[in-house]
Amino acid sequence: MEKFVTTLNFDHPIWQGILLAFLFGITLFIAWPPLRKLQSHRYMQRLIRRLGRDCMRHISIMDGADIPIYIEYLILQPGGLLLLIVKPFRGNIFAAEKIENWTQVIR
């Protein structure tokens with residue numbers, strides 16, 4: 001093994017190209033907004049799956065006036081059903097049952 005490592009020439013331009021491509025790939029994955037959005041979407045999906053036993057997505061129910069009600073997630077929990085609608089807001093959202101205006105804190 002030691003002989004193999006000594007025969008590799010790490011000064012060769014191919015190694016510099018491999019290192020550059022690797023660093024470019026990591027930078028692209030971290031900094032490119034569509035990839036960041038995909039990563040956060042997958043993270044949210046994992047969190048939602050942990051909320052209950054089973055999950056249904058994109059449900060449309062007609063109300064009494066034949067107007068569709070859109071439910072993004074319907075999650076089966078031990079005590080009943082959880083209806084979840086996800087909104088794309090950044091930061092922290094603070095709300096309460098008796099507060100008329102919600103507060104958004106960014107950064």
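The values are calculated or read from the model by the stated rules, or taken from the named source; none is laboratory data. Fair warning: this is a prediction, and the values are worked out from it, not measured in the lab. Every residue, glycine as well, gets a Cβ built from its backbone with ideal geometry; the counts of neighbours run over all protein chains shown. Ligands, DNA and RNA are excluded from the accessible area calculation, which covers all protein heavy atoms including side chains. Shrake-Rupley method; radii C 1.70, N 1.55, O 1.52, S 1.80 Å.
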* Structure fact -> In the range 1-20, residues that are exposed (fewer than 10 other Cβ atoms within 10 Å of the Cβ) and either at pLDDT 80 or above or in contact with a helix residue (DSSP H, G or I) (Cβ under 7 Å, 6 or more places away or on another chain) (or both) total 1
* **Single unsatisfied condition, Arg46 versus (1) modelled with pLDDT of 85 or more; (2) in a loop (DSSP other than H, G, I, E, B); (3) under 22 Å from the mean Cα position of the chain (by Cα)** => (2)
* Asked: Inside the range 65-90, can you point out the residues that are surrounded by 10 or more Cβ atoms within 10 Å (Cβ to Cβ) and touching a residue at least 12 places away in the same chain (Cβ under 8 Å)?
  -> Ile71, Glu72, Tyr73, Leu74, Ile75, Leu76, Gln77, Leu82, Leu83, Leu84, Val86, Phe89
* Asked: Hey, any hits in the range 44-64 for a residue that's open to solvent by 100 Å² or more (accessible area, probe 1.4 Å) and in contact with a Lys or Arg (Cβ under 8 Å, 6 or more places away or on another chain)?
  -> no
* In the range 57-85, which residues are under 19 Å from the mean Cα position of the chain (by Cα) and charged (D, E, K, R)? -> Arg57, Glu72
* Here are some conditions: (1) in a helix (DSSP H, G or I); (2) open to solvent by 70 Å² or more (accessible area, probe 1.4 Å). Gln104 meets all but one. Which one does it not meet? -> (1)
